[in-house]
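Visitor: Please read through the structure below; I'll follow up with questions.
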Amino acid sequence: MVQKLKLEDLPLQGKKVLMRVDFNVPMKLGKILDDSRIRATLPSIEKILEKGAALILMSHLGRPEGKKDKTFSLAPIAKHLGELLHQEVFFAEDCIGPEAEKKAQKLKPKEILLLENLRFYPAEEDPKQDPSFAKKLSQLADFYVNDAFGAAHRAHSSITEVPKYFPNKSAAGCLMQKEIFFLSGLLETPKHPFFAIIGGAKLSSKMGVVLQLLQKVDRLFLGGGMVFPFLQAQNIPIGSSLSEQALVPKIQALFKEKQIKDKIRLPVDLVVADSFTNDATTRIVSTKDGVPEHWQGLDIGPKTCQVWKEELPTAATIFWNGPLGVYEFPKFSTGTDSIATALASLSSTRIVGGGDSLASIAKLDLSGRFTHLSTGGGASLELIEEGHLPGIDALSNVSNKK
Ligand code: AMP
């Protein structure tokens, strides 16, 4: 991957920095339910202030659909960030326009201004609607930093258009650098044996990444709803489990390549249920026998956990994305919990991406036991699949550094 400028490379003393962050935190009635995304940006914020710059922060929150809707206001986040940093964080009630301009202009070194939700303007998500939106944002500062890895796969104004106004002056923040380091390391120089575990609901949403990983990994473990099209491809009955018949020919073609087929690890048994509820009646079935009619597979089975737990320690690198069952129901979280716990105890490089996998790790209080927990589920998968992301491409190349 092309080397990008880092925040540390910018001469920031006495300058103004416009930094895109991902403050899209879960909120209820104006209260922040989980501030980990805010905390994740503190290293960049602190570094910029240490360098004697004034900092203007911009983010989206939720889906206000291009309208000014106070339910999606970032004002509570300005207050919370101020508490975390023990300093006042000024707030502009509009991300562009006279108030934002005046407040940005008045901002002194080491002061912080947070702009209101970018998505109050339709041009944030659809830059073509108004190219002047990005230009107005860019006029607030001297340098641009992107620390919003979780949004870097989106070609939005603040991600891909604003940096165009900062040639040789747009850099990756600390969090972005960390994500690029670990994920591009997976792509370019993974230590072998390299294993990946992919779970989640629909194979169709992850088919690109599965195909890409099959070229790179030594083993690919599949759990969750991903499994059923692979069973359909072998004419194994799936009952009323998630079905994606359209993918079957593609999988049958994959199975014809021995080298690829040998890498794929499907569960050897499944927990099947008579309904999609936590109090469903359940049974364990052997995968080769399939899922009985009217039953659905909702978790990997105990034998699978045992077999996988014996094989996983032989890897030097492991990437995991997606729960291995319907982990929201305690009855079907055993497979995910058991594999998460096993991964936490290994000493190999273990990288995890995706909100659901991270939530299960957090629930088990194992967050500190992994090499890297990626803050961007969609972004990390797209980076693995495509090898690059629009938000990273938009940053200045190191070779262009003056
Ligand atoms: P994804 O966003 O694709 O990673 O999917 C996460 C969702 O997959 C979670 O909400 C899980 O409940 C769901 N999931 C995992 N295993 C299954 C399964 N066997 N059947 C249906 N949904 C599943």
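Visitor: Is it the case that the range 382-397 has a residue that's at pLDDT below 95, under 19 Å from ILE38 (Cα atoms) and open to solvent by 20 Å² or more (accessible area, probe 1.4 Å)?
Guide: Checking the range 382-397: not a single residue is at pLDDT below 95, under 19 Å from ILE38 (Cα atoms) and open to solvent by 20 Å² or more (accessible area, probe 1.4 Å).
Visitor: Does GLU65 satisfy the criteria of being in contact (Cβ under 8 Å) with a residue 12 or more places away in the chain, part of a loop (DSSP other than H, G, I, E, B) and either within 23 Å of LEU175 (Cα to Cα) or not hydrophobic (A, V, I, L, M, F, W, C) (or both)?
Guide: Taking the combined requirement at face value, the residue satisfies it.
Visitor: What is the number of the single condition among (1) more than 16 Å from the ligand (Cβ to nearest atom); (2) modelled with pLDDT under 95 that ALA379 does not meet?
Guide: Just one mismatch for ALA379, condition (1).
Visitor: In addition: Which number in (1) surrounded by fewer than 16 Cβ atoms within 10 Å (Cβ to Cβ); (2) more than 16 Å from the ligand (Cβ to nearest atom) marks the one condition that GLU328 misses?
Guide: (2)
Visitor: Tell me which of these VAL268 doesn't satisfy, since it passes every other one: (1) in contact with a Ser or Thr (Cβ under 6 Å, 6 or more places away or on another chain); (2) open to solvent by 40 Å² or more (accessible area, probe 1.4 Å); (3) under 30 Å from ALA40 (Cα atoms); (4) of a type in the set (A, V, I, L, M, F, W, C).
Guide: Only one criterion is unmet by VAL268, namely (3).
Visitor: Quick one: in the range 360-370, of everything that is touching a residue at least 24 places away in the same chain (Cβ under 8 Å) and open to solvent by less than 50 Å² (accessible area, probe 1.4 Å), which residue is farthest from the chain's Cα centre (by Cα)?
Guide: Looking at the filtered set, the residue picked out is LEU366.
Visitor: Among the residues of the range 184-197, is any open to solvent by 10 Å² or more (accessible area, probe 1.4 Å), polar (S, T, N, Q) and part of a loop (DSSP other than H, G, I, E, B)?
Guide: yes
Visitor: Which residues, taken from the range 205-241, are under 24 Å from VAL285 (Cβ atoms), open to solvent by 50 Å² or more (accessible area, probe 1.4 Å) and in contact with a Pro (Cβ under 9 Å, 6 or more places away or on another chain)?
Guide: Across the range 205-241, the qualifying residues are ARG219, PRO237.
Visitor: If you don't mind, another one. Name every residue in the range 115-143 that is in contact (Cβ under 8 Å) with a residue 60 or more places away in the chain and more than 13 Å from GLY66 (Cβ to Cβ), in order of residue number.
Guide: LEU137, SER138, LEU140, ALA141, ASP142, PHE143
The values are calculated or read from the model by the stated rules, or taken from the named source; none is laboratory data. If you're wondering where the values come from, they're calculated on a predicted model, not measured in any experiment. Note: ideal-geometry Cβ built from the backbone for every residue, glycine included; neighbour counts use all protein chains shown. For the accessible areas, the whole protein counts, side chains as well, though only heavy atoms, and no ligand, DNA or RNA atoms are used. Shrake-Rupley method; radii C 1.70, N 1.55, O 1.52, S 1.80 Å.
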